[in-house]
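J.: Handing you this structure, nothing more for now.
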Amino acid sequence: MKVIARGVAESLVIDGHILITVKSVEKDAVLLSIESTRGEFPYREETVTLDRLAHLVPQSSSR
């Protein structure tokens, strides 16, 4: 698995035609824009909350 950091208004391209742009980052949600230059996208999820992805983010240890 690769972890790619992006800030608000930054994007990444997947498979040469899927553009994912970070629209906003809040305390408990990240809003993404997903576009396809081919005009089709088979699956869509409106928002993903950070707590649903918490198991993917390594926890830092307190010292």
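J.: Output the number of residues of segment 1-24 satisfying the condition of being in contact with a strand residue (DSSP E or B) (Cβ under 8 Å, 6 or more places away or on another chain) and open to solvent by 70 Å² or more (accessible area, probe 1.4 Å).
T.: Going through segment 1-24 one residue at a time, the tally reaches 8.
J.: In segment 14-36, which residues are part of a strand (DSSP E or B) and either touching a residue at least 24 places away in the same chain (Cβ under 8 Å) or out of contact with any Ser or Thr (no Cβ under 9 Å at 6 or more places or on another chain) (or both)?
T.: Ile14, Ser24, Val25, Ser36
The values are calculated or read from the model by the stated rules, or taken from the named source; none is laboratory data. Keep in mind that what you see is a predicted model, and the values were worked out from it rather than measured. All Cβ positions, glycine included, derive from the backbone under ideal geometry; neighbour counts span all protein chains shown. Just the protein is used for accessible areas: all its heavy atoms, side chains included, with ligands, DNA and RNA removed. Shrake-Rupley method; radii C 1.70, N 1.55, O 1.52, S 1.80 Å.
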